[in-house]
Amino acid sequence: MDVVVQLGVAGLAIGMIYALVALGFVLIFNAVNVVNFAQGDLAMFPAFVLAFLLTSSRLPLPVAIVGTLLFAVVFGLVFNRLVYHPLRNRSFVPVIIATIGVSVFLKNIALVLFGADPRRIDPLIHGVVRIFGTTVNAQYLVIIGVTVVLLVAQYLVFDRTMIGKQLQTTAQNREMAALLGIRTDRMIAVTFAYSALLGAVAGILVAPLFGVTPELGTLIALKAFAATVIGGFGSVPGAVLGAVFLGLTEIFGAAYVSSDYKDAFAFVILIAVLLLRPQGFFGEKVGQKA
Amino acid sequence: MSVSSRLLERPHTLAALLVLLASLPFLVNPFYLGVVVLGVIYALAVLGLYFVMGLAGQLSLAQGAFFGVGAYTAAILSTRFDWPFPATMGATVAAGVLVGVALGYTTLRLTGHYLALATIGFAVIANIVFLHWKPVTNGADGIAGVKPPVVGGFILDQNFFYYYVALAFLAVGALVGWRLKRSRIGLAFLAIREDQLAASTTGINVLNVKVLAFTLSTVYGAVAGGLYAHGLTHYISPDNFAFELSVTMLVMLLLGGQATVPGAIVGAMLVTALPEVLRFLDRYYLAVYGVAVVLLVVFLPQGLWGWLESAVARRPRRLEGR
């Protein structure tokens, strides 16, 4: 029983990390109909920035975190302006390949600047916490707590505020939104900035668990990507539930089935979902069958 | 603007390119012969992408993994079961067909990003299997000692001779690709790229035609992988077939211009030579490469040759859209 609780908390926490990156995918996909292949590196690179601010600049942790988040927002805006914006009227293939180019750039510039050795970041809260009569790593609870708060805040902003409604309108129908006087280019820029912010939060939260390496983003992004398909591409609740489902499957699978093939579970499920229910658990019906 | 008016579409261009390739080992510094062999092998795999992406307009992100499947097929049959070169190459074709048909029929029923998604899934699983299925793939240590082809008792293990083996495969592949584009099948590919619904109303079986384009790509990829295993260092390991290879192959196709055979070949040769040319960048090479990919799609949508061509021809562009 103790083990099940520990694995459950760990799986939930990993799932939350995937969920943050998956949301970045979904928001950009809904806004501009393109998969951003650099989403994982938008988690990896800020994690390096945080490690750098903490160790080299010796900033206190809260200042370093704020600095990292600011960096992410600016990066998201620049990314939109220099990579997405020039390609906005082209088909999705060039845009996807451009985002892959950004991913290759971020990974390798991180390798040059920070090296291949994993950087350790101290957990936000040290030690362990007792719940349900067993002990769990406090960082897992921090991850779960921060993500839940962020998700609730995101829901409130999107559902209750003017900017949230403008963002949603832009995602649903860009021409219509423009006709209504919404500055759609600005909304898309906000979407990129927010997606980069979500990535940075994921990177900051996961860094104490795994250590930061240039490859950190790749595997997280691929899992998050699988999660969005499993949950239903384009669906926000689908992405979150798909991510949690994957996180739990992975942790329990590694414990009870095979740890060598831990990273393959997500993709076996991905292909099974594509075969049996391509719209995912929460997705709308996939249109236009060939 | 008719298709045949373009320089890259003329048969002379392809013929000249093949002649140039045939004389290449005499023109380059022997030190770089290995790079040239690799370029020709990659060119064959990139020709596969030309079918599925260039002509049929479907984004596949696992060409490097199909390359790996072929390489492992050839390497295992050659080292464990002593199959000769022609037999292992036949097996790579079979492996390519198997993967293409199985993955194609399951994912190409759907439009949109689903092939891209499923191929990413396949690429990741393939690499995990290469790495962890130790009894068969020998894990991270890889497989060494893949046997070179033998012709009339003569062992073709030197790069100079192996180059012509690889070039023979590329020439056949290029001619098939060339003929196919001008056949009904090729027109069906193009029709699907432009508009699936419209294509289906003209009597094209969209699913079958898409699966055919995809299977051609997996077969070309797997055969090229087989060539890779049998030549060069006669050694393969999972690192050789990482996701980056799939990306690089896409870049090769885009650089050359997506929808022409000579473009695909030239793109592959140039990108393969790039690390040698840009050696002075040292550690920054891959970072610069990433930026170059972005610049390529932003500024050269028609690829290098498309750009050169329009620069040379100086067509009055305003008229084209009408």
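The values are calculated or read from the model by the stated rules, or taken from the named source; none is laboratory data. Values in this document were obtained by computation on a predicted structure and should not be read as measured data. Note that each Cβ is placed from the backbone with ideal geometry, even for glycine, and that neighbours are counted across all protein chains shown. Note: accessible area is taken over every heavy atom of the protein model, side chains too, but ligands, DNA and RNA are not part of it. Shrake-Rupley method; radii C 1.70, N 1.55, O 1.52, S 1.80 Å.
Looking across region B:118-143, the residues that are touching a helix residue (DSSP H, G or I) at 6+ places or on another chain (Cβ under 8 Å) and assigned to a loop (DSSP other than H, G, I, E, B) come down to B:Trp133, B:Gly142.
Among the residues making up region A:243-267, those that are touching a residue at least 60 places away in the same chain (Cβ under 8 Å), open to solvent by 30 Å² or more (accessible area, probe 1.4 Å) and touching a Phe, Trp or Tyr at 6+ places or on another chain (Cβ under 9 Å) are A:Phe245, A:Thr249. Residue check: A:Ser56 meets all listed conditions (1) more than 14 Å from chain B (Cβ to nearest Cβ); (2) at pLDDT 85 or above but one, namely (2).
Taking region B:262-284 as the range and being away from every other protein chain (no Cβ under 14 Å) and surrounded by 15 or more Cβ atoms within 10 Å (Cβ to Cβ) as the test, the residues that pass are B:Pro262, B:Gly263, B:Ala264, B:Ile265, B:Val266, B:Ala268, B:Met269, B:Leu270, B:Thr272, B:Ala273.
Kindly evaluate A:Gly145 against the criterion of being open to solvent by less than 60 Å² (accessible area, probe 1.4 Å), at pLDDT below 85 and over 15 Å from the mean Cα position of the chain (by Cα). No. Among (1) part of a helix (DSSP H, G or I); (2) within 29 Å of B:Gly145 (Cα to Cα); (3) open to solvent by 30 Å² or more (accessible area, probe 1.4 Å), where does B:Gly226 come up short? The single condition B:Gly226 does not satisfy is (3).
Consider A:Asn89 carefully, then state whether it is under 30 Å from B:Gly57 (Cβ atoms), within 14 Å of another protein chain (Cβ to nearest Cβ) and not in a helix (DSSP H, G or I). Considered against the rule, which asks whether it is under 30 Å from B:Gly57 (Cβ atoms), within 14 Å of another protein chain (Cβ to nearest Cβ) and not in a helix (DSSP H, G or I), A:Asn89 comes out as yes.
Return yes or no: is B:Thr73 open to solvent by 20 Å² or more (accessible area, probe 1.4 Å), out of contact with any His (no Cβ under 8 Å at 6 or more places or on another chain) and more than 14 Å from chain A (Cβ to nearest Cβ)? Break it down into steps so the answer makes sense when it comes.
Details: open to solvent by 20 Å² or more (accessible area, probe 1.4 Å): yes; out of contact with any His (no Cβ under 8 Å at 6 or more places or on another chain): yes; more than 14 Å from chain A (Cβ to nearest Cβ): yes.
So B:Thr73 passes the test.
When residues in region A:118-134 are screened for being open to solvent by 30 Å² or more (accessible area, probe 1.4 Å) and in contact (Cβ under 8 Å) with a residue 40 or more places away in the chain, 9 of them pass.
For region A:223-271, a residue qualifies if it is within 11 Å of another protein chain (Cβ to nearest Cβ), more than 21 Å from B:Trp133 (Cα to Cα) and among the aliphatic types (A, V, I, L, M), and the qualifying residues are A:Ala226, A:Val229, A:Ile230. Quick check on B:Leu38: is it closer than 19 Å to B:Val271 by Cα and open to solvent by less than 30 Å² (accessible area, probe 1.4 Å)? Taking the combined requirement at face value, the residue does not satisfy it.
Entry remark, region B:36-67: residues being small (Gly, Ala, Ser), more than 14 Å from chain A (Cβ to nearest Cβ) and either without any contact (Cβ under 8 Å) to a residue 40 or more places away in the chain or out of contact with any Gly (no Cβ under 6 Å at 6 or more places or on another chain) (or both) number 2 in total.
Filtering region B:114-170 to residues that are surrounded by fewer than 18 Cβ atoms within 10 Å (Cβ to Cβ), among the aromatic types (Phe, Trp, Tyr) and within 12 Å of chain A (Cβ to nearest Cβ) leaves only B:Trp133.
Tell me, please, whether a residue that is without any contact (Cβ under 8 Å) to a residue 40 or more places away in the chain, in a helix (DSSP H, G or I), out of contact with any Pro (no Cβ under 9 Å at 6 or more places or on another chain) and open to solvent by less than 10 Å² (accessible area, probe 1.4 Å) can be found in region A:162-179. Scanning region A:162-179, I find at least one residue that is without any contact (Cβ under 8 Å) to a residue 40 or more places away in the chain, in a helix (DSSP H, G or I), out of contact with any Pro (no Cβ under 9 Å at 6 or more places or on another chain) and open to solvent by less than 10 Å² (accessible area, probe 1.4 Å), so the answer is yes.
Yes or no: A:Phe158 open to solvent by less than 70 Å² (accessible area, probe 1.4 Å), over 21 Å from B:Val251 (Cα atoms), modelled with pLDDT under 90 and in contact with a helix residue (DSSP H, G or I) (Cβ under 6 Å, 6 or more places away or on another chain)? Can you show your working first?
Working: open to solvent by less than 70 Å² (accessible area, probe 1.4 Å): yes; over 21 Å from B:Val251 (Cα atoms): yes; modelled with pLDDT under 90: yes; in contact with a helix residue (DSSP H, G or I) (Cβ under 6 Å, 6 or more places away or on another chain): yes.
Here the answer is yes, as A:Phe158 does meet what is asked.
Scanning region B:294-307 for residues that are buried (at least 21 other Cβ atoms within 10 Å of the Cβ) and over 17 Å from B:Gly54 (Cβ atoms) returns a single hit, B:Val294. Residue count for region B:127-148 under the criterion of being closer than 17 Å to B:Ala87 by Cα and in contact with a strand residue (DSSP E or B) (Cβ under 8 Å, 6 or more places away or on another chain): the result is 2.
So that you can scan it fast, the table gives a plain yes or no per residue for (1) assigned to a helix (DSSP H, G or I); (2) facing chain B (nearest Cβ under 8 Å); (3) over 19 Å from the mean Cα position of the chain (by Cα):
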{"position": "A:Phe45", "(1), (2), (3)": "yes, no, no"}
{"position": "A:Val73", "(1), (2), (3)": "yes, no, no"}
{"position": "A:Phe79", "(1), (2), (3)": "yes, no, no"}
{"position": "A:His85", "(1), (2), (3)": "yes, no, yes"}
{"position": "A:Leu111", "(1), (2), (3)": "yes, yes, yes"}
{"position": "A:Asp122", "(1), (2), (3)": "no, no, yes"}
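Take A:Thr135 and tell me if it is touching a strand residue (DSSP E or B) at 6+ places or on another chain (Cβ under 7 Å), over 26 Å from A:Ala38 (Cβ atoms) and of a type in the set (Ser, Thr, Tyr).
Details: touching a strand residue (DSSP E or B) at 6+ places or on another chain (Cβ under 7 Å): yes; over 26 Å from A:Ala38 (Cβ atoms): yes; of a type in the set (Ser, Thr, Tyr): yes.
Against the criterion (touching a strand residue (DSSP E or B) at 6+ places or on another chain (Cβ under 7 Å), over 26 Å from A:Ala38 (Cβ atoms) and of a type in the set (Ser, Thr, Tyr)), A:Thr135 qualifies.
Confirm whether B:Asp157 is at pLDDT below 85, acidic (Asp, Glu) and under 18 Å from B:Phe85 (Cα atoms).
Details: at pLDDT below 85: yes; acidic (Asp, Glu): yes; under 18 Å from B:Phe85 (Cα atoms): yes.
So B:Asp157 fits the description; yes.
Comparison of B:Ser217, B:Ser237, B:Ser246 shows that the only residue that is in contact with a helix residue (DSSP H, G or I) (Cβ under 6 Å, 6 or more places away or on another chain) and away from chain A (no Cβ under 14 Å) is B:Ser217.
Looking across region A:74-109, the residues that are in contact with a Gly (Cβ under 9 Å, 6 or more places away or on another chain), modelled with pLDDT of 85 or more and open to solvent by less than 30 Å² (accessible area, probe 1.4 Å) come down to A:Gly76, A:Val83, A:Ile100, A:Gly101, A:Val102, A:Ser103, A:Val104, A:Leu106, A:Lys107, A:Asn108, A:Ile109. Just one of the listed residues (B:Leu47, B:Leu98, B:Leu18) is open to solvent by 30 Å² or more (accessible area, probe 1.4 Å), modelled with pLDDT of 85 or more and farther than 30 Å from B:Pro135 by Cβ, namely B:Leu18.
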